[in-house]
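Visitor: Sending over a structure as structure tokens; questions will come in a sec.
Laboratory data are not the source of any read-out in this text; all were calculated from the coordinates shown. As the structure is a prediction and not an experimental result, all values here were calculated from the model. Virtual Cβ from ideal backbone geometry, glycine too; neighbours counted across all protein chains shown.
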Amino acid sequence: MVVEKKKAAPAKAKAEKTVNKPTETVKAGSVATISTDARNPLQKRRIVEGLVVSDKMQKTIVVKVDRRVRDTMYKKYVVRSRRFKAHDEKNEAKIGDLVTIVESRPLSKEKRWVLNSILRRAGQVAEINV
């Protein structure tokens, strides 16, 4: 008994490579604009918001950044957190402060962030509009 191998159907033209071209975005009531990332590298740095959990080092703070992630099995939201070491030149941030930090060049073995601003001091109550 002779077994014949089936020949694969000739492949059509290979899929064309996709090129990242600026796309046109249309907003309601506005002119179509081309969205390109024209920011310089300093503006592309990540900015995150977190809580200062340690200020015991000189010119360094540890900031805990929380994010909410949906669990794949249970479909509930779980809080995941990361701790970043950030440079604080003037030692102005204290434990419990809410701060923003900006990504920077490596400053030490583990320090790649710089304190940007202090949003809320520890012990301050957020103002509530009644």
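Visitor: So what does the Cα-only Debye profile of the stretch 57-107 read at q = 0.32 Å⁻¹, as log10 I(q)/I(0), no solvent term?
Guide: -1.32
Visitor: Can you give the local net charge around Lys76? Use residues other than it whose beta-carbon is closer than 11 angstrom to its beta-carbon, Lys and Arg +1, Asp and Glu -1.
Guide: Net charge in that neighbourhood comes out at +2.
Visitor: Additional query: Quote to one decimal, in nm, the extra length available between Lys90 and Arg70 on full extension: 0.36 nm per residue of separation minus the C-alpha distance between them.
Guide: Fully extending the segment from Lys90 to Arg70 adds 3.4 nm.
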